[in-house]
Amino acid sequence: MEIKAMRGFSDILPPATSRWRVLEERAREVLEGFGFSEIRVPILEQAELFSRSIGEETDIVEKEMYTFEDRSGDCVTMRPEATASMVRAYIEHRLYAADPMLKLYSIGPMFRHERPQKGRHRQFHQINVEVFGVSQPVIDAEVMAILMHYLSLVGATGCRLQLNSLGCPTCRLDYKEVLRAFLKNHLPGLCEDCRRRMERNPLRAFDCKVPGCQEIMSKAPLISDYLCHLCAEHFAAVRSFLEILEIAYEVNPRMVRGLDYYTRTTFEVVAGGLGAQNAVAAGGRYDQLVAALGGPDIAGIGFAIGMERLLLITPDELLPSGPSLFIAALGEGPQREAFGLSYKLNRAGVRTLIDYEGRSLKAQMRRADKLGARYVLIVGEDEQRRGQAILRDMEEKKQEEIPLAALFEEIVRRVKERSP
Ligand code: HAM
């Protein structure tokens, strides 16, 4: 019987793989330009890393993690996100020793057992960006500006930056008290989850999808009214730095994020074209996380972009064009010539394809057209005898004869001339 991929796990097929690569390469260029270095962390970690950092009473930890006992009896988890692993690596390798300030990025798959739908998968991919060791609000603005710059560079459409502050443990404690009291007053209307989490994690109710809870939460007190003096100051500074960089944003005081490690600044980029799962990227500050995982008292801030969602809102033009050259060869002699020439051209950086099956000229031309080849080189036995080949410019629909002896240099020259 045929075996299929599991629900929520997708193959990424060509030509889509080219679009993935373009998005990844642009991310690397942008991030390295802003001083980030790549880190690669394992996909499997001790389960405790995620429960301690993301929070026991979050949907991710309660319902979505791929956690199992491995063959040695250790409780392990396929990473649902990368921040916790990056923080662990930062602490484990004492990456703060010389200078706590460190800018890291990582690209790769994450795993969450969610109900699959448009823009929601069980294996999905993130571009993850983290800055350690800067507690000043200027970095919050810079990180968001880099994100917005990248999104516009790759042509992402309809993106809006939403911003909030979740305060620090001190002011959040007061706010949680107020929110808990509010929830207690509305207890009969709350769902099971919200009631259960109310004591330890009342903020989660803002993320609840149950209509009754949403209705109640639309009237709930907001964290913005309870920020302490220092957190309010930090938030105002972040906003003023965003204004210097001319980054448009909206304050969304109901945005609480689904992970518990955040402090102060949190943000999401939502895009209209995404439907229900509308966040293409999200992140925030986590000033206590390094210490909570056993490291020194070092601040952190970062974000992750969801690649599958980004692909839904970026144009198809990101697909690299077809081959530069298709060689249509007719007859055994020309086919041998084409075989050698295409290998040489590909080595010289000219993307060249040939026909392997000895098809008719018409069929080969059709194929070249379908592939979107920029040029077609036509070599038949007749042309070969005359020491000529026909080079057809598929875009300008013009053709000319070129001496076989000068073919290689001539094609390399033309293709290089055309490429930007
Ligand atoms: P998150 O909001 O859980 O944050 O995920 C970030 C992004 O990953 C989302 O905005 C979305 O684009 C994408 N994403 C999440 N779940 C799925 C899914 N099931 N299918 C497809 N895409 C998904 C984090 O993961 C934090 N670690 C971000 C961060 C980095 N905060 C600080 N640094």
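The values are calculated or read from the model by the stated rules, or taken from the named source; none is laboratory data. Owing to the predicted nature of the structure, the values given are computational and were not obtained by experimental measurement. For neighbour counting, all protein chains shown are included, and Cβ atoms are generated from backbone atoms with ideal geometry for every residue, glycine included.
Among the residues of the stretch 7-19, just one is outside any loop (DSSP other than H, G, I, E, B) and touching a helix residue (DSSP H, G or I) at 6+ places or on another chain (Cβ under 7 Å), namely ARG19. Checking TYR261, TYR249 one by one, the residue that is touching a residue at least 12 places away in the same chain (Cβ under 8 Å) and near the ligand (Cβ under 9 Å from one of its atoms) is TYR261 and no other. Take CYS228 and decide whether it is modelled with pLDDT of 95 or more, away from the ligand (no atom under 16 Å from the Cβ), more than 30 Å from TYR105 (Cβ to Cβ) and touching a helix residue (DSSP H, G or I) at 6+ places or on another chain (Cβ under 8 Å). The answer is yes for CYS228. Would you pick out the residues in the stretch 32-79 that are aromatic (Phe, Trp, Tyr), closer than 16 Å to PRO109 by Cα and crowded, with 20+ Cβ neighbours inside 10 Å? PHE50, the sole residue that qualifies. Restricting ALA220, ALA281 to those that are surrounded by 21 or more Cβ atoms within 10 Å (Cβ to Cβ), in contact with a helix residue (DSSP H, G or I) (Cβ under 7 Å, 6 or more places away or on another chain) and among the small types (Gly, Ala, Ser) reduces the list to ALA281.
Filter the stretch 193-225 down to residues that are of a type in the set (S, T, N, Q) and either over 17 Å from GLY284 (Cβ atoms) or modelled with pLDDT of 95 or more (or both), then give me how many there are. Even if it seems obvious, please write down each step before you answer.
Initially, the stretch 193-225 is screened for residues of a type in the set (S, T, N, Q), giving 201, 214, 218, 224.
When the remaining residues are screened for being either over 17 Å from GLY284 (Cβ atoms) or modelled with pLDDT of 95 or more (or both), the result is 214, 218.
Result for the stretch 193-225: 2.
Please tell me if ARG336 is surrounded by fewer than 23 Cβ atoms within 10 Å (Cβ to Cβ) and basic (Lys, Arg). Here the answer is yes, as ARG336 does meet what is asked. When the residues of the stretch 1-29 are filtered to those that are surrounded by fewer than 12 Cβ atoms within 10 Å (Cβ to Cβ) and among the aliphatic types (A, V, I, L, M), the one that is farthest from the ligand (Cβ to nearest atom) is MET1.
Evaluation of ALA304 against the conditions (1) more than 21 Å from ARG28 (Cβ to Cβ); (2) within 16 Å of the ligand (Cβ to nearest atom) shows that the sole unmet condition is (1).
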